[in-house]
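Undergrad: Pasting in a structure now, in structure tokens, and then I'll have a few things to ask.
Values quoted throughout were computed directly from the atomic coordinates according to the rules given, and no laboratory measurement underlies them. Being a predicted model, the structure only gives us computed values, none of them experimental. Note that each Cβ is placed from the backbone with ideal geometry, even for glycine, and that neighbours are counted across all protein chains shown.
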Amino acid sequence: MRNILLLFLSILLFGCESPEEKQLEKVLTLSGNNRLELERVLEHYKKNEADTLKLQAAKFLIMNMPRHQSYTGKDIEEYYAEAEKIIFSNRKIDEKVDELNNLLLEFPSDDFEFEEDYSIIKADYLIQNIDAAFDDWQQGSWARGITFEEFCEYMLPYKCVEFQAFDNWRNVLQPIANDTLTDFSYNDIWNKTPYHAAEAINIKLRDTVIVDLKRPLKWHALYKVPFWCNIPSNSCETRTNTALAIMRSKGFAVSYDFILQWPTKANAHSWLSILIDHNRRMVCEGGHEPFLTALRPGECKGKVYRRTYSPNPDLIRLNEEANSVPQTLRNVFMKDVTDEYATTVDPVFSVLSEKRERKEKYAYLAVFDNAGWVPICFSKIKENKQVAFDNVEKGAVYLPVYYINGRVRPFNYPALLNDKGQLEFLKPDSVYKRSISLKRKYPLMNKAFNAALRLKHSMFQAAHKEDFSDAVTVYTLKEYSVSGSVDVSDTIKYRYWRYICPNPYRCNIAELMFFDKDNKKLTGTIIGSEERSKNPHYSRSAAFDLDPQTFFASETLKDGWVGLDLGKPVSLGKIGYMTRNDDNNVRVGSTYELFYWDMEWISLGRQTAEDFSLTFHHVPQKALLLLKDLTRGTDERIFLYEDAKQIWY
């Protein structure tokens, strides 16, 4: 009877434990031989009633430690030692990058040993970090308005990035850029908010964390003392991690916000989000910019996530229950914050009957990354006929997919989530087809767009005299264009032909081609105004070399020109032109292939460009298209074709 009573009491006591206490005990059990270290932290804060909140913080860190990992062993230490020799040498920056990339061949990251933090972390290290974080929160100037929950996620963690070394990072990084804040105490307005201080430090960090280099650092595990501000990488990931660690060391509550994949271009992106007060944030590019009123206005972000210390229970369930999980969604330490950055909707996709996979529990929404479809969010399938996704930004093309055996499998056609929040499904019309003319394989970015502005109002002229004193304007470019050809209706024969830019800036033109009435390409002596540079890439001849990456740049800021002396009067039939660009215009001599999406990419044929545009026939209407350059380059984007224009997504 006594044994039964004891058993009943044990069950009763165990049943009264909170989920947090159960999780804490689970981690203590998992920690094995390191349990004494974790218990020593808890006992340390139980001694003093004034440390009740610190005890809660310690429990938060310990019970959320599973899946937080750190490198251990001889290989990582040898990697650090060799990397330090390279980074602190007198070699040029790009040479250092090459050597660090080569070092990874000797020390592949997959070979590094690692362990769960709860198995190796020491009590003294945890206590030191908890005390330092509390001092910054309660005694410092820059996080007084945030809650305990916010403090735990964005100030308290003992490391800022996964696999960061356990070292004295807070004390080492804290002095950086402190001179920026020397006089803040004299400004009562600035001293009442972390806004101005955080912005000033981030701008100052440009000299500390921004590196100019030509070659990318492929990967690194250098988040430790003394590397933090000496990592030769200009990636947004490195900049953000470094700036975040410096900010946290100074007592700012700051998070790492990111995009798994841009919906309208290649690559991921990350930046800093700084808590100015409870639930109020400002964002900036790490170590780069002042605070931004909006992050990349006009660029659809699709889904935005925030790195957290505590795991996301939905992501834990996904990784435990799904048959196969995309690489982008295997990190459980992130939460969806898209609605903080954009107006979102909850699109619903029907599952085509012939595409139904009854065994799959989860579906995904994917975006195009220039090469393939990348899942950026997920949804548990509640019924087989429809799948709803939460908090998706408007303005991009999304593909609903399953993820089976490491590959995406669409269960409906891609759809444009338009400005009204409606899905426009891009199902190709095999009945109604058309011919389309294409000039580019990738959307215009800022530099290429601004360069093309110089074409507008420029002119093609002909003359009998070499100095063009009797010039006749045969065509004026009145509309924006990146390349093309113009028909010359004037039948008079002229010896001298040119392109002239009367606008108040240097004449820049990448390519010119002159054709006679029989469509024969003409050659002659290259003439023009003075060149800005003796570099052959920017000479007059660069306008005739069929290399879009070279271009003529005039010395004069107005009325610069370049053309041909044909040697005798000739009547022209056509003039081809291409503005200075990013080499994503259609390029003479390159071979292209056009595809449309019909549950997979289907070819519409190949062409070798003979001009600065391509014409494809029998193209299905309402189709999502992709133009690939089979000769060179990797920048290629999906697009629609409407009103004789490429509409990029």
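Undergrad: Using only helices, what value at 222 nm comes out for the chain when you add -39,500 (n - 2.57) per DSSP H run of length 4 or more and divide by the total residues, to the nearest 500 deg cm²/dmol? Before the final figure, lay out each step's value.
TA: Numbers: 15 runs with 152 residues, N = 649.
Value at 222 nm, helices only: -7000 deg cm²/dmol.
Undergrad: Still on this structure, I have one more. Given the pairs Lys359/Lys382; Lys301/Lys441; Lys159/Lys192; Lys96/Lys159; Lys355/Lys427; Lys303/Lys447, which span a C-alpha to C-alpha distance of over 19 angstrom in this model?
TA: Working: Lys359/Lys382 12 Å; Lys301/Lys441 21 Å; Lys159/Lys192 28 Å; Lys96/Lys159 26 Å; Lys355/Lys427 15 Å; Lys303/Lys447 27 Å.
Flagged as over cut-off: Lys301/Lys441; Lys159/Lys192; Lys96/Lys159; Lys303/Lys447.
Undergrad: For a bin width of 10 Å, list the pair-distance distribution of the range 424-464 built from all Cα-Cα distances, rounded to whole %.
TA: Values per bin, smallest distances first: 17, 27, 26, 22, 6, 2.
Undergrad: Order of 78-90, 225-237 by packing, highest average Cβ count within 10 Å first?
TA: Numbers: 78-90: 14.5, 225-237: 18.6.
Answer by packing, highest mean first, reads 225-237, 78-90.
Undergrad: Once phi is turned into ³J(HN,Hα) by the Karplus curve 6.51 cos²θ - 1.76 cosθ + 1.60 with θ = phi - 60°, what whole-Hz value does each residue of the range 160-175 show in order, with x for glycine and proline?
TA: Those phi angles translate into 9, 8, 4, 6, 4, 6, 7, 9, 8, 5, 4, 5, 6, 8, 4, x Hz.
Undergrad: In whole Å, what are the extents of the range 21-148 along the principal axes defined by its C-alpha atoms, from largest to smallest?
TA: 55, 39, 20
Undergrad: Mean 1/r over all different Cα pairs, inverted: what Kirkwood radius does the range 160-208 give, in Å? Before the final figure, lay out each step's value.
TA: Working: mean 1/r = 0.0799 Å⁻¹.
Its Kirkwood hydrodynamic radius stands at 12.5 Å.
Undergrad: Over all directions, what mean area does the Cα convex hull of the range 536-606 project, stated in square nanometres?
TA: On the way: hull surface 31.6 nm².
Mean shadow area of the hull around the Cα atoms is 7.9 nm².
Undergrad: Express in whole angstrom the spacing between the alpha-carbon centres of the range 572-649 and the range 466-489.
TA: Centre-to-centre distance over Cα atoms comes out at 25 Å.
Undergrad: Sticking with this structure for a sec: Return, for the Cα atoms of the range 573-638, the radius of gyration and Dmax in Å, separated by a comma.
TA: Rg, Dmax (Cα atoms, Å): 12.8, 44.
Undergrad: So, one more: Could you tell me how far the Cα centroid of the range 371-448 sits from the Cα centroid of the range 208-265, in Å?
TA: If we compute the Cα centre of each part, the gap is 31 Å.
Undergrad: Measure up Lys224/Lys380; Lys385/Lys433; Lys92/Lys439; Lys517/Lys558; Lys59/Lys224 against 29 Å on the Cα-Cα distance and list the ones that go over.
TA: Details: Lys224/Lys380 39 Å; Lys385/Lys433 31 Å; Lys92/Lys439 40 Å; Lys517/Lys558 31 Å; Lys59/Lys224 25 Å.
With Cα atoms farther than 29 Å apart: Lys224/Lys380; Lys385/Lys433; Lys92/Lys439; Lys517/Lys558.
Undergrad: If you don't mind, another one. Show me the three semi-axes of the equivalent ellipsoid for the range 120-187, from the C-alpha gyration tensor (sqrt of 5 times each eigenvalue), largest first, rounded to whole Å. Don't skip to the answer; put the middle values down first.
TA: Details: eigenvalues 112, 51, 21 Å².
The equivalent ellipsoid of the range 120-187 has semi-axes of 24, 16, 10 Å.
Undergrad: Quick one: 3J(HN,Hα) in Hz for the range 41-49, Karplus 6.51/-1.76/1.60 with θ = phi - 60°, rounded, Gly and Pro as x.
TA: Values, residue by residue: 5, 5, 5, 4, 8, 7, 5, 10, 4 Hz.
Undergrad: When a/c is below 1.5 the answer is rounded, else prolate if a/b is larger than b/c, else oblate, so apply that to the range 243-388 with a ≥ b ≥ c taken from the square roots of the Cα gyration tensor eigenvalues.
TA: Values: a/c = 2.33, a/b = 1.82, b/c = 1.28.
Judged from the Cα gyration tensor, the range 243-388 comes out prolate (a/c at least 1.5, a/b above b/c).
Undergrad: Quick check: convex hull of the Cα atoms in the range 228-285, volume per residue, rounded to a whole Å³?
TA: Working: hull volume 4.8 nm³, N = 58.
Here the figure is 83 Å³ per residue.
Undergrad: A follow-up question, please. Using alpha carbon coordinates only, what is the Rg to Rh ratio of the range 85-236, with Rh defined as the Kirkwood radius?
TA: 1.01
Undergrad: Something else now. Show me the three semi-axes of the equivalent ellipsoid for the range 54-110, from the C-alpha gyration tensor (sqrt of 5 times each eigenvalue), largest first, rounded to whole Å. Kindly include the intermediate steps, with their values, before the conclusion.
TA: Details: eigenvalues 238, 39, 19 Å².
The equivalent ellipsoid of the range 54-110 has semi-axes of 35, 14, 10 Å.
Undergrad: Can you divide the C-alpha Rg of the chain by 2.2 N^0.38 Å and report the result to two decimal places?
TA: Details: Rg = 30.8 Å, N = 649, 2.2 N^0.38 = 25.8 Å.
With N residues counted in the chain, Rg over 2.2 N^0.38 Å equals 1.19.
Undergrad: Starting from the Cα of Lys493, draw a straight line to each of the aspartates and glutamates and keep only those under 20 Å, dropping any in the same chain fewer than 8 residues away.
TA: Glu466, Asp467, Asp470, Asp516, Asp518, Asp565
Undergrad: Could you give the Stokes-Einstein D for the range 206-254 in µm² per second, using the C-alpha Kirkwood radius, 25 °C, 0.890 mPa s? Don't jump to the answer; show the numbers that get you there.
TA: Working: Rh = 11.3 Å.
Stokes-Einstein gives a translational diffusion coefficient of 217 µm²/s.
Undergrad: Give the aspartates and glutamates reachable from Lys420 as a straight Cα distance under 18 Å; neighbours fewer than 8 places away on the same chain don't count.
TA: Partners found: Glu299, Asp339, Asp346, Asp390, Glu393.
Undergrad: Pairwise over distinct Cα atoms, reciprocal of the mean inverse distance: report the Kirkwood radius of the range 496-573 in Å, one decimal place.
TA: Numbers: mean 1/r = 0.0791 Å⁻¹.
Final number for the Kirkwood radius of the range 496-573 is 12.6 Å.
Undergrad: Kindly rank 593-599, 314-320, 621-627, 509-515 from highest to lowest mean number of other beta carbons found within 10 Å of each residue.
TA: Values: 593-599: 18.3, 314-320: 15.3, 621-627: 20.7, 509-515: 22.9.
Final packing ranking: 509-515, 621-627, 593-599, 314-320.
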